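Since the structure comes first, as structure tokens, the remarks are kept for the end.
The values are calculated or read from the model by the stated rules, or taken from the named source; none is laboratory data. Note that the coordinates shown come from a computational prediction; the quantities given were computed from them, not determined experimentally. In this analysis, Cβ positions are derived from the backbone assuming ideal geometry, glycine residues included, and neighbour counts consider all displayed protein chains.
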Amino acid sequence: MENSVKSRGWVKNAAIIFLSVLLVLTFFSNTIMNRSLPEVATANVTSDAITARVRGTGTVTAQASYQVKAPTTRKIQSVMIRSGQEVSQGDVLFILSDGDSAELDAASETLRKLQLSYDQTAVSLPSFDYTADRKNIDRAKQAERDAQAAMQKALDNLANSKEGADMAFYESELQARTMALNKAMAALEETKATVAREREAAWGDVTELNAWVKLLQKNIDRKSSLTVTKKVPVGASTVAFWSDTSMDGVIHLPSFMPAANYRIVALADMEEQQGEGQTPPEQPGGGNMLLTTQPEGTQGEGQNPPETPVTEPQQTEAPQQTEAPQQTEAPQQTEAPQQTEQPQPTTEPTPEPTTPVVIVVVTTPEPTATETPPVVTIAPTETETPTTTVTYIQDFYIEDKGLTDGEKELIRDRLDKYNREVFNLITGGETEIGANKMQALENEIYNTRQALESLSMTDPRVSQAEAAVDAAQAELDAITNLLGGYAADYNAAKQAYEDAKKTRETLETNLNNSMISNSKSAAGTSLTLQDLAYQIEKAKKDLEELSGGEQNQIIAPVGGIIDAVNYTAGSTPEKDQILCTIEVPDLGYALSFSATNEQARRLRVGDTATVTNYYWGSEIKATLESIRTDPKNPQTNKLLNFTVTGDVNPGSELTLSVGSKSQNYDIVVPNSSIRTDANGSFVLAIEAKNSPLGNRYYATRVDVTVLASDDINSAVTGDLGFGDFVITTSSRPIKSGDMVRMAN
Amino acid sequence: MRIGRYNFTKRAIWHCCCILMFILALVCILVINALAHRLDCQRTAEHWQGESKESFSQISCFIPAASSVTRNEIYGFRYKVLDALHTAALDADGTDGLWVDAWSREGKVKLSSSRASTDASAVAVDGEFFTFHRLRLLSGSYFRESDLMKDKVLLDEEIAWMLYGGTELEGMAIQVNGQDFLVGGVVEREQDAESRRAYTAGAGVYMSYDAYVKLTGDDRVDCYELVLAEPVKGFAKQTAESSFPLKGGEVVVNTGRFTLPRLISHIPKLGDRAIQSNGIRYPYWENAARIVEDRCSILLIVTVVFLLLPLITAAVFIVQLLRYGSEILTESVLLRIAEDAREAIRVRQRRRWEKRQGRHDA
């Protein structure tokens, strides 16, 4: 029984304690829960303006400043001003020490040198005397007048001697004859010149001869190649040259080629050969070749070449000298032969050649050809082919050179001999070719050259021109003789008059030229003197300025505030050095600072700035005057220039805050309330719910879009209304849906 | 009888020890969990994710003091991040919200107000620094990268008290190294023990990196932080390691830093933490995280030790049960159950019989 009583007491006590605790917890549940919740600070959603402001710091400077410079290089005795001091116009800024300055000495020396230079120039100014020249002119005029009188007198005499004569006619005749004579003399000179030019051209042919000699020399050196020439087709014995005439269209074989033994098998035009190649074709055997053989055809043996007096050139008057003219030019056949001539040994007249020399190959007649006419028609047979072509020489400029027949013959004979030698060489007629033979050839050329040189200017054109001159002279003499001795006197007097007149004109021209030249020289000297005089005047002024008044003081040219004093007492600034700078406040003050391009874009010229670090004194007003590119950071920054008015001093550092025109927004929240996560910007708004124990506050996420921001607030759009509470900060991190505790 | 009592006491003590150690192990686990959630700056990816379905990862890059990573290199890395997002085809709806970054540098400045002046440590920050470090605002607001003016500073409580004697300082003028700035607000520093222990710089100020570079000319970033969408595991870390100009620095993945696998893998490195040869000067929030990391690792070891005895005891008990369980079951438990069942049936049958015979008490 006792045990049961004890048990009920324990249960009762436990129940009392439990209920008591429950009661306490019930009463303080709100407080306890609030203690466990994160505390948040909130702000109201408002409607306000958002003004983005740009701040910057700059130094106030005066819009205008005046630099006081040292007038001379003089020592500063004392400085009467200090930086920041306000001065008025005329106030003494510096006191200079006594004594001449270096500039003064230099100016004096400069003036002295200038004056000396002026005097020297003035002394050396030239004087011009034209008296002698004018006298000479007067004398020349007098001589002219005398000559004119003499001429008139001679004319009178002439008129008197030939009474009734038409003097005008005589005059004109005399003049015409004289002109005719002059014309004939000019024609003679021209003819001589023409002949000379043609003669020069003839020397070109001699050059060609020399080329042949050179070519022959090569063949001499290649005797083996000469043996090749023996392999000409059957019956081939020689080549020849002839002249084709347009007259009869026949080929005349040279005299040393028996016509009965040859016939023409092919033709070759020299011009074509020239066009195809400038040098003879190369032989298969290696020769440089006058001959080109063709493998086809029969080989003839034992054909003797025509008789050739090989030693004949040596027997002529060829000199033994070895300095026969050697031409170095290659045998380029740059000119087609102008003329051809058949070297006829007979006395028959040679047909006038009109076409170029044509070199052909002739062969011995076929066995079936019993006869070959001495004169054959140019008609190459189709069945036969040429076996050999030869480039050969021609001679035949002679026809047009106005030579006499004897001269032509001389040349022709020489060349004929020469050609024979060539012929023999080519055909192998002479297998033994020695130096003497070559010498003979060169002698031939030499002789030819001598013959050409010895040709006198007996060209008939020259003779004809000389005859014309003689005739004109004779006609002039006839007229002169007709007038007699008075005419000669008249002519002499007239010539004397002309000479005197020319002399007078020459003297006058010389005098004029001299006067012009002298006047230019005088003008230059005068200008030099003027310049020197100007420099002297300037040097005098400088000297006066440097020494003038003995000003030992430098006074303020304008009123203002001393910005900087650059020299102290005892120093010696050089001339034009800046002693101090005076800020002139009359034009106001300026301030500038750099801002980023983004910041500058928000501003407009004319925006008013407020000073944020200057709380004392009267109001200071700053207005944005201009926005320019910052030279230090032209890519990223702009320089904002302000005009500053009010109670401000230069050198003060002001911090300005300038903002563009503000704009009102319906929903404005503090910047601290805006949060961002992966889903964008949002604010945590406070949502209140009633409960039996009081209000409960929950943080609710509201997504927003930030429209604009300034330093404190941001304008947003979202599901917010005026007066809503948004959380700005909290004691612990919170998220949407969390219960929170309001700070107040 | 004495032997039986002794055995009973010994077994009771043993069982109590096991229970106590198990409880201690549970407490350790709870502490680890609390520590893991203590540092808010290590959970930026979680905050940034919000209600998004995209997963994010937080990366920190620490640059050695001898190296210099400038703003331009950071800007270059931003382009590479955009390229990486484009390559991963995540930018179909734009890149807003897919990533956020911030960088900072610590230094010293001289602060002056109309009342006083003092030297202070400065943290120059740029990007969305205060998204990573959500310091409690006592007044004012944070400054952001998009702000028009870069002349706002955030004071901590200590410097605010020293210079102004209060905390409601928003909009007030302050001079930093002689240049005019504006107080953007006052913040309260982290109150957790680890952060307070790691932060040794004294009174400090947060200011814009641009303004700091203008003041000092020192354009060298110490720390770069990034939260990046992670379509596949390791995407953010790989992007940072391959593209960020580390210059001998270190990349740390902050997300999941205090999870069990990371803590287990950290245990072997506990001793190596004392050796630091990379020349990196870690910011205080990283040092705080390392303190937490070490503490969690040690607690994990202690937890394992505490769990050792209860687990062994439980294992022994289970083996005994397995060994003797069938015998007891058949001889004791099942037999008793059968007897009880039979007795119950007999009583029930008797009641029915008595009821039919009218002998029921009712």
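Return the only residue of A:57, A:73, A:26, A:110 being modelled with pLDDT of 85 or more, more than 14 Å from chain B (Cβ to nearest Cβ), more than 30 Å from residue A:683 (Cα to Cα) and under 60 Å from the mean Cα position of the chain (by Cα).
Matching residue, one of A:57, A:73, A:26, A:110: A:110.
May I ask you to say which residue of B:96, B:147, B:91 is in a loop (DSSP other than H, G, I, E, B), farther than 21 Å from residue A:706 by Cα, modelled with pLDDT under 90 and within 14 Å of chain A (Cβ to nearest Cβ)?
B:91 is the lone residue from the list that is in a loop (DSSP other than H, G, I, E, B), farther than 21 Å from residue A:706 by Cα, modelled with pLDDT under 90 and within 14 Å of chain A (Cβ to nearest Cβ).
When residue B:51 is evaluated against the numbered criteria (1) in contact (Cβ under 8 Å) with a residue 12 or more places away in the chain; (2) part of a loop (DSSP other than H, G, I, E, B), which criterion, by number, is the only one it fails?
The number of the failed condition is (1).
Based on this model, can you work out whether residue A:627 counts as away from every other protein chain (no Cβ under 14 Å), within 17 Å of residue A:59 (Cβ to Cβ), in contact with a strand residue (DSSP E or B) (Cβ under 8 Å, 6 or more places away or on another chain) and without any contact (Cβ under 8 Å) to a residue 40 or more places away in the chain?
So residue A:627 does not fit the description; no.
Given segment A:552-629, what strands (runs of 3 or more DSSP E) lie entirely inside it while holding 1 or more residues that are aromatic (Phe, Trp, Tyr) and modelled with pLDDT of 85 or more?
The qualifying strands (runs of 3 or more DSSP E) are A:578-596.
Say whether the condition of being surrounded by 17 or more Cβ atoms within 10 Å (Cβ to Cβ), among the polar types (S, T, N, Q) and in contact with a Lys or Arg (Cβ under 6 Å, 6 or more places away or on another chain) is met by at least one residue in segment A:98-105.
yes
Which residues, taken from segment B:44-60, are closer than 23 Å to residue B:244 by Cβ and within 8 Å of chain A (Cβ to nearest Cβ)?
B:47, B:48, B:49, B:54, B:56
How many residues, within segment B:175-195, are more than 10 Å from every other protein chain (Cβ to nearest Cβ) and over 18 Å from residue A:671 (Cβ atoms)?
Going through segment B:175-195 one residue at a time, the tally reaches 8.
Looking at (1) within 13 Å of chain A (Cβ to nearest Cβ); (2) touching a Phe, Trp or Tyr at 6+ places or on another chain (Cβ under 9 Å), which one does residue B:115 not meet, given that it meets all the others?
That leaves (1) as the condition not met.
Please state which of the following conditions residue B:76 fails to meet, knowing it meets all the rest: (1) under 26 Å from residue B:211 (Cα atoms); (2) touching a strand residue (DSSP E or B) at 6+ places or on another chain (Cβ under 8 Å); (3) part of a helix (DSSP H, G or I).
Every condition holds for residue B:76 apart from (2).
Say we look at segment B:217-243 and pick out the residues that are among the β-branched types (Val, Ile, Thr) and under 19 Å from residue B:127 (Cα atoms); which of these is farthest from the other protein chains (Cβ to nearest Cβ)?
It comes out as B:221.
With respect to residue B:169, determine if the residue is facing chain A (nearest Cβ under 9 Å) and within 25 Å of residue A:654 (Cβ to Cβ).
No.
What number of residues within segment A:570-614 satisfy the criterion of being more than 14 Å from chain B (Cβ to nearest Cβ), of a type outside the set (D, E, K, R) and at negative phi?
Residues meeting the conditions: 17.
Considering segment B:179-193 alone, what residues qualify as being of a type in the set (A, V, I, L, M, F, W, C) and crowded, with 23+ Cβ neighbours inside 10 Å?
Within segment B:179-193, B:181, B:183, B:186, B:187 meet the criteria.
How about segment A:656-709: which of its residues are within 13 Å of chain B (Cβ to nearest Cβ), of a type in the set (S, T, N, Q) and not in a strand (DSSP E or B)?
Selection gives A:660, A:671, A:672, A:673, A:679.
Pull up segment B:1-43, narrow it to residues that are within 14 Å of another protein chain (Cβ to nearest Cβ) and of a type in the set (A, V, I, L, M), then point me to the one that is nearest to residue B:253 (Cα to Cα).
Ranking the candidates gives B:39 first.
Going residue by residue through segment B:150-159, is there one that turns out to be assigned to a loop (DSSP other than H, G, I, E, B), over 26 Å from residue B:38 (Cβ atoms) and either away from chain A (no Cβ under 11 Å) or of a type in the set (Asp, Glu) (or both)?
Yes, because at least one residue in segment B:150-159 is assigned to a loop (DSSP other than H, G, I, E, B), over 26 Å from residue B:38 (Cβ atoms) and either away from chain A (no Cβ under 11 Å) or of a type in the set (Asp, Glu) (or both).
From (1) crowded, with 24+ Cβ neighbours inside 10 Å; (2) away from every other protein chain (no Cβ under 14 Å), pick out the condition that doesn't hold for residue B:164.
Against the list (1) crowded, with 24+ Cβ neighbours inside 10 Å; (2) away from every other protein chain (no Cβ under 14 Å), residue B:164 comes up short only on (1).
Just the residues that are of a type in the set (Asp, Glu) and either within 14 Å of chain B (Cβ to nearest Cβ) or on the phi > 0 side of the Ramachandran plot (or both), please, taken from segment A:710-744.
Scanning segment A:710-744 gives A:710, A:711, A:738.
Is it fair to say residue B:110 is away from chain A (no Cβ under 14 Å), part of a helix (DSSP H, G or I) and not aliphatic (A, V, I, L, M)?
It is false that residue B:110 is away from chain A (no Cβ under 14 Å), part of a helix (DSSP H, G or I) and not aliphatic (A, V, I, L, M).
At least 1 residues that are of a type in the set (Ser, Thr, Tyr) in each: list the strands (runs of 3 or more DSSP E) lying fully within segment A:1-116 that qualify.
Of the strands (runs of 3 or more DSSP E) lying wholly inside segment A:1-116, those with at least 1 residues that are of a type in the set (Ser, Thr, Tyr) span A:39-44, A:46-50, A:53-59, A:61-69, A:76-79.
Any chance segment A:694-701 includes a residue that's within 15 Å of residue A:665 (Cβ to Cβ) and more than 60 Å from the chain's Cα centre (by Cα)?
Looking through segment A:694-701, none of the residues is within 15 Å of residue A:665 (Cβ to Cβ) and more than 60 Å from the chain's Cα centre (by Cα).
Out of all the residues in segment A:727-743, is one or more within 30 Å of residue A:63 (Cβ to Cβ), in contact with a strand residue (DSSP E or B) (Cβ under 9 Å, 6 or more places away or on another chain) and at pLDDT 85 or above?
Looking through segment A:727-743, none of the residues is within 30 Å of residue A:63 (Cβ to Cβ), in contact with a strand residue (DSSP E or B) (Cβ under 9 Å, 6 or more places away or on another chain) and at pLDDT 85 or above.
Considering segment A:195-208 alone, what residues qualify as being at pLDDT 70 or above and over 12 Å from residue A:464 (Cβ atoms)?
A:196, A:197, A:198
Tally up the residues in segment B:118-144 that are under 30 Å from residue B:236 (Cβ atoms) and either outside any strand (DSSP E or B) or at the interface with chain A (Cβ under 9 Å from one of its Cβ atoms) (or both), please.
Adding up the residues that qualify gives 14.
Select from segment B:245-269 the residues that are closer than 28 Å to residue B:299 by Cβ and assigned to a loop (DSSP other than H, G, I, E, B) and write down the one among them that is farthest from the other protein chains (Cβ to nearest Cβ).
Filtering first and then ranking leaves B:259.
So in segment A:639-655, with the set limited to residues that are more than 10 Å from chain B (Cβ to nearest Cβ) and part of a strand (DSSP E or B), which one is surrounded by the most Cβ atoms within 10 Å (Cβ to Cβ)?
Here the answer is A:640.
Being without any contact (Cβ under 8 Å) to a residue 24 or more places away in the chain and more than 14 Å from chain B (Cβ to nearest Cβ) narrows it down to one of A:36, A:47, so name that one.
A:36
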